[in-house]
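First the structure, in the form of structure tokens, and then the observations on it.
The values are calculated or read from the model by the stated rules, or taken from the named source; none is laboratory data. Nothing here was measured: the structure is a model prediction, and the numbers come from that model. Note: ideal-geometry Cβ built from the backbone for every residue, glycine included; neighbour counts use all protein chains shown. Ligands, DNA and RNA are stripped out before the accessible areas are found, and what is left, the full protein with its side chains, is counted by its heavy atoms. Shrake-Rupley method; radii C 1.70, N 1.55, O 1.52, S 1.80 Å.
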Amino acid sequence: MSSAFFALPLQPIMVLNYIWIAFFLVAFIIALVRLVVMGDYEVFPAMMESTFSSSKTAFEISLGLTGMLSLWLGIMKIGEKGGLVNVLARLLSPVFTKLFPDIPKDHPVTGSIFMNIAANMLGLDNAATPLGLKAMEQMQELNPKKDTAWNPMIMFLVLNTSGLTLIPISILVYRAQQGAAQPTDIFIPILLATFCSTLVGIIITSLYQHINLLNRTLLLTLGGACLVFATIIWGFGQLDNVTMNVVSTSAANIMLMTIIVCFITAGLVKRVNVYEAFIDGAKDGFTTAVRIIPYLVAILVGVGVFRASGAMDMLIGGIQWIVEATGMNSDFVGALPTALMKPLSGGGARGMMVDAMQNYGADSFVGRLACVFQGSTDTTFYILAVYFGSVGVSKTRHAVACGLLADLAGIIAAIAICYMFFG
């Protein structure tokens, strides 16, 4: 177990390490060429200035996040203690039983799986990860081949990596921090994109594992979800862009306010000290904001130097030229760095998202799309490495393929949905 545990988590970290180094080396080489060949004496001062301004920006962003993170994590703590995670687990039970046919009925691992997925859907990251690790340990006890990923493990991880989240708190907070006129206007697009990612992940994994998707429970659940999705798309498709934006933002705000009231009500019903629960969660908001400072500094400085050297413009310009050569609209290209970074690192993708909002504007098409990219999937490689590494699984079988295909579905859906809402 120990060798696999240390080997697997290093993979995404090492890839991110190489990417971060490449930001500086490529930027230096391009800047040197611009200095020597083009006589551009401003490029190196611009790069150094970007290191100072980017590190300052990273700290200011983290500091500004403290209040809103404390608010939402406090609300989430009320919902957690109020038992809403358990309610979601019970609602999902019939469906998950069909998706995990190899797990014996009423086995304790079923509860851990339900709790993890429900916590993820509510955005309770702090609660979801320990529950996920516990579920992996329990599944490993049932796993007939201890070094090889078991089918239920893979389905469980794909559900995690597809990023199904009902409340994308952190993204809403970042948009507010970056001055978005309506931080919640990406709420409905994220729900639609992450639904596509999760649905594709379930279908592809089920095909790999020969799970019958035509049984009554799954047909009703997935079919009903698809019907709701299609109805939302059809309904918004009847509106012009201005009306669509107003309706989407209003619906998002009503839903979020309803969630807050439901969480508080659940706490009252369970006789929870709502105020103390809120304070406990709010404390986590402060520590979370402080904890992300080094990660934001690292990625924003790296991206800032890369952009100041002209390398980012060359990369985006090259991709844009290829896209336009095919006759496609290339407005989405500026947000692609967020999508490409997300499977490797949540922190890296977060930095790319913030960079996109800063350079294009929080309310620009690129700024909004970068936020939807961030919310449509999760950090596939990191989740696979940590979860499999925690139980010593080194042979991952089809887990990576299923996770990345779900990511791709989320990216494509995010682009299409953003063109519909914001194009």
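Some values worked out for this structure:
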{"quantity": "Number of the condition not met by Ile411 [criteria: (1) assigned to a helix (DSSP H, G or I); (2) closer than 16 Å to Leu157 by Cα]", "calculated": "(2)"}
{"quantity": "Test for Thr97: is it touching a Lys or Arg at 6+ places or on another chain (Cβ under 8 Å), among the polar types (S, T, N, Q), modelled with pLDDT of 75 or more and open to solvent by 20 Å² or more (accessible area, probe 1.4 Å)", "calculated": "yes"}
{"quantity": "Subset tally (residues that are surrounded by fewer than 12 Cβ atoms within 10 Å (Cβ to Cβ) and either of a type in the set (Val, Ile, Thr) or part of a helix (DSSP H, G or I) (or both)) for the range 26-47", "calculated": "4"}
{"quantity": "Any hit, the range 141-162, residues being touching a helix residue (DSSP H, G or I) at 6+ places or on another chain (Cβ under 9 Å) and modelled with pLDDT under 85", "calculated": "yes"}
{"quantity": "Single match in Asn329, Asn273 (criterion: over 30 Å from Pro45 (Cβ atoms) and free of Cβ contacts under 8 Å to residues at least 60 places away in the same chain)", "calculated": "Asn273"}
{"quantity": "Meets criteria (more than 22 Å from Pro168 (Cβ to Cβ) and among the β-branched types (Val, Ile, Thr)) for Ile293", "calculated": "no"}
{"quantity": "Residues of the range 209-225 satisfying the condition of being under 20 Å from Cys402 (Cα atoms) and within 24 Å of the chain's Cα centre (by Cα)", "calculated": "Leu222"}
{"quantity": "Ile113 open to solvent by less than 10 Å² (accessible area, probe 1.4 Å), of a type in the set (A, V, I, L, M), under 23 Å from the mean Cα position of the chain (by Cα) and modelled with pLDDT of 75 or more", "calculated": "yes"}
{"quantity": "Within the range 165-238, helices (runs of 4 or more DSSP H) holding 3 or more residues that are modelled with pLDDT under 85, more than 25 Å from Gly64 (Cα to Cα) and open to solvent by less than 40 Å² (accessible area, probe 1.4 Å)", "calculated": "216-237"}
{"quantity": "Every pair of residues 6+ apart whose Cβ atoms lie under 8 Å, when the first sits in the range 92-117 and is closer than 12 Å to Met155 by Cα while the second is aromatic (Phe, Trp, Tyr) and open to solvent by less than 20 Å² (accessible area, probe 1.4 Å)", "calculated": "Phe96/Phe114; Phe100/Phe156; Ile113/Phe96; Ile113/Phe100; Ile113/Phe156; Ile117/Phe96"}
{"quantity": "Where a residue in the range 183-208 is at negative phi and its partner, wherever it lies, is among the basic types (Lys, Arg) and modelled with pLDDT of 90 or more, with Cβ under 9 Å and at least six apart", "calculated": "Asp185/Arg368; Ile186/Arg368; Pro189/Arg368"}
{"quantity": "The range 227-255 residues that are free of Cβ contacts under 8 Å to residues at least 40 places away in the same chain, paired with ones that are part of a helix (DSSP H, G or I) and surrounded by fewer than 13 Cβ atoms within 10 Å (Cβ to Cβ) (beta carbon under 9 Å, 6 or more apart)", "calculated": "Val247/Gly235"}
{"quantity": "Some residue of the range 389-397 being modelled with pLDDT under 85, buried (at least 19 other Cβ atoms within 10 Å of the Cβ) and within 24 Å of Gly334 (Cβ to Cβ)", "calculated": "no"}
